[in-house]
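Where a number appears in this text, it was derived from the coordinates with a stated rule and is not lab data. Since the structure is predicted, the reported quantities are computational estimates derived from the model, not experimental observations. Note: ideal-geometry Cβ built from the backbone for every residue, glycine included; neighbour counts use all protein chains shown.
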Amino acid sequence: MADDLDLFREAVKDAKPLAKTLKDKRVILRPAPPRPIPKMLIADEQQALADSLSDDYIPTEEMESGEELLYLRDGHAPDILKKLRRGHWVTQQVLDLHGLLVEEARTYTAQFLNECKKRGIRCVRIIHGKGLGSKNRQPILKNKLRGWLMQRDEVIAYCQARQVDGGSGAVVVLLKAG
């Protein structure tokens, strides 16, 4: 023990205390002021997203298929739908709209499609539900989604998901390549 104390004293024998003037000086660091939040720009972008999908869109090129969602954009080979229905493309992302209000679902769908477009995602599944929890037990989001998807240029085709992927409660969408 005494050896340790002697060693310490030997090690610090030439040390000198700091001058009092340095001890009294304090450095106060102030963080940089936060950058302003562009609230109007954000609001405008959200409104543009919402406006990009209209509920009043009346599809002209939708294929008649009863209750099944089925669509192929003009100029594309019909075998794309066959391949899409059989699960030829791997589903890369999934959006679940269960329980959302129409306005929420529209915004989420627009944001989802924009993000997929940015990231070069080709095949997605959107779960809209079967409408069992809505008034009159009607599939409200399913019918809205039909029109929303047709309005988007990046959507090549869509069809009802296979039973194992949600069946009539989901749709598989093929998007244009980056």
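Just a few scattered comments:
- Distance in nm between pseudo-label sites at E104 and L132 (7 Å out along the Cβ direction from Cα): 2.0
- Annotation: the residues L41, L29, sorted from fewest to most other C-beta atoms within 10 Å of their own C-beta, follow the order L29, L41.
- Note that segment 36-42 has calculated 3J(HN,Hα) couplings of x, 8, x, 4, 5, 5, 4 Hz, one per residue in order, obtained from phi through the Karplus relation 6.51 cos²θ - 1.76 cosθ + 1.60 (θ = phi - 60°); glycine and proline are x.
- Exceedance of the 20 Å cut-off in Cα-Cα distance is limited, within the set K82/K176; K83/K118; K82/K117; K83/K176, to K83/K118; K82/K117.
- Close amide H pairs (under 5 Å, H built 1.01 Å from N) link L175 with C123, V124, I156, residues at least 5 positions away or on another chain.
- Backbone HN-Hα couplings from phi across segment 164-172 [Karplus 6.51/-1.76/1.60, Hz, Gly and Pro as x]: 5, 9, x, x, 6, x, 8, 9, 9
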